[in-house]
1. Which ³J(HN,Hα) values in Hz, rounded to whole numbers, follow from the phi angles of the stretch 123-136 under the Karplus curve 6.51 cos²θ - 1.76 cosθ + 1.60, where θ = phi - 60° and Gly and Pro get x?
2. Residue 48 accessible area, nearest 10 Å², 1.4 Å probe?
3. Straight-line reach from residue 65: which aspartates and glutamates have a Cα under 20 Å away, not including same-chain ones fewer than 8 places off?
4. Using unit Cβ charges (K, R positive; D, E negative) and no other charged atoms, how large, in debye to the nearest 20, is the dipole of the stretch 32-149 about its Cα centre?
5. Roughly how many percent of the accessible protein surface of the stretch 60-110 is carbon and sulfur, given a 1.4 Å probe and a whole-percent answer?
6. Considering only protein heavy atoms, what per residue accessible area in square angstrom results for the stretch 32-149 with a 1.4 angstrom probe?
7. For residue 82, what is the net charge nearby, where nearby means another residue's Cβ is under 9 Å from its Cβ and Lys, Arg count +1, Asp, Glu -1?
Amino acid sequence: MASAALSPLSEPLEAQLPPMKKLSLAEKSGIRTQQVACLVNGKHTEFMCSVYADRIVYVVTQFMKPGTVVEACKDSEGGGTTTYSITTLMGKRDDLCINLLARQLAEWFGRRTQKELLLCIGLEPIPEDEIDLLHSTLDALMDCCLAIAAW
């Protein structure tokens, strides 16, 4: 049986190929992510938004943990009215601040994209009888959320 002789390359294989751009993980996966931190009522709060092909994932946390996981979807549009459904997948189901923030984000994003919204919200509880604090907290949270332009 005859053996084939291999001839050495005159130059390394890498030198024969056109140069390739090195891609970051985000570029390879097609996922756009941005993160920002703000003080909300004197508490350090992290905000992160990742945009996937079919949904937007938003994390708002004061505990460095995901917290309550909420899905927000546009249900229908008709007669000039748009409705959204907010479903708590895991975590606190009766937190007014989380539910209001989820609804406000769903409505804001729903006017701009057809993608579903998955929210992970971990916030210090606010007593429901402190309406002014709740209102100012929601305003501050929305301002910080909308400061991220990843979507």
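The values are calculated or read from the model by the stated rules, or taken from the named source; none is laboratory data. Remember, it's a predicted structure, so these values are computed and weren't measured experimentally. A quick note on method: Cβ atoms are made from the backbone with ideal geometry, for glycine too, and the neighbour counts reach across all protein chains shown. Just so you know, the surface numbers come from the protein's heavy atoms only, side chains and all, with ligands and any DNA or RNA stripped out. Shrake-Rupley method; radii C 1.70, N 1.55, O 1.52, S 1.80 Å.
1. With the stated coefficients, the stretch 123-136 comes to 10, 4, x, 10, x, 5, 7, 9, 4, 4, 5, 4, 4, 5 Hz.
2. 60 Å²
3. Cα-Cα hits under 20 Å: 46, 94, 95, 124.
4. So the dipole magnitude of the stretch 32-149 works out to roughly 540 debye.
5. 54 percent
6. I get 54 Å² per residue for this part.
7. -1
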